[in-house]
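Peer 1: First, the structure itself, so that you have it in front of you.
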Amino acid sequence: ACRAALSLAESDGDPRGRARALNCLGEVEYFLGNLEEAISFYEQAEALWRSAGDRAGLAQTLLYLGYSYSDLSEFDRASSFYGDALSLWKLLPDRRGIALTLVASGRLHLRLGEHQIALNAFNEAMKLVESMGDSVWQASIHAGVGTVYSQMGNNPQALSYWSRALDLYKKAGLQMAEAELLQGIGKIHLAL
């Protein structure tokens, strides 16, 4: 379907449609674990968004590039893409885009062991997500904050945040997320 969309956009001479289709192809490759191929599609989309002057499309693609480079453990490049995406989202302004980019940045800093920076990003994202009423992203942020506290050895705080996240994931019916949190909660109880 993504390839068909790209073909139609190319035949129509629609650069934004091409960029959307390239992002779609990038997402498919990303979720298949083909990160280099995903990056190739995202880079093509990035060029089209820039030439079209489409800030929202560009910000989304930069976020996707950040995800990809983070998964490749190229943290400096990921951080740069997140920073560029965040700047664009703030110019628009797009609260959801800002929140998702802050969550991604928080997870990156968590992986780097930069706990306070991760907490700051998660807390800023939480303010935006709560005002939107998005319980799934609230759960994701609570889970991230819980992981920060777990890494810091603050098990009671980790349990508190993970319990909140677990309740929200249960309400949303996201069983895989529930399972991951239950494992973490079990490990903390074992450690205690």
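The values are calculated or read from the model by the stated rules, or taken from the named source; none is laboratory data. The shown structure was predicted, so the numbers you read here are calculated from the model rather than taken from an experiment. Note: ideal-geometry Cβ built from the backbone for every residue, glycine included; neighbour counts use all protein chains shown. To get the accessible areas, we keep the full protein, side chains included, count just its heavy atoms, and leave off ligands, DNA and RNA. Shrake-Rupley method; radii C 1.70, N 1.55, O 1.52, S 1.80 Å.
Peer 1: Scan segment 91-119 residue by residue and report those that are among the polar types (S, T, N, Q) and either open to solvent by 70 Å² or more (accessible area, probe 1.4 Å) or in contact (Cβ under 8 Å) with a residue 60 or more places away in the chain (or both).
Peer 2: Pass one, segment 91-119, residues among the polar types (S, T, N, Q): 101, 105, 116.
Across segment 91-119, the qualifying residue is only GLN116.
Peer 1: Out of the residues in segment 47-75 that are open to solvent by less than 10 Å² (accessible area, probe 1.4 Å) and among the aliphatic types (A, V, I, L, M), state the one that is nearest to VAL28 (Cα to Cα).
Peer 2: Among them, the one singled out is LEU65.
Peer 1: Would you check which residues across segment 122-140 are open to solvent by less than 10 Å² (accessible area, probe 1.4 Å) and either within 30 Å of GLY53 (Cβ to Cβ) or in contact with a Gly (Cβ under 8 Å, 6 or more places away or on another chain) (or both) and list them?
Peer 2: Passing the criteria: PHE122, ALA125, VAL129.
Peer 1: Condition check: open to solvent by 50 Å² or more (accessible area, probe 1.4 Å), among the acidic types (Asp, Glu) and assigned to a helix (DSSP H, G or I). Does GLU43 satisfy that? First the steps, then the outcome.
Peer 2: Numbers: open to solvent by 50 Å² or more (accessible area, probe 1.4 Å): yes; among the acidic types (Asp, Glu): yes; assigned to a helix (DSSP H, G or I): yes.
The answer is yes for GLU43.
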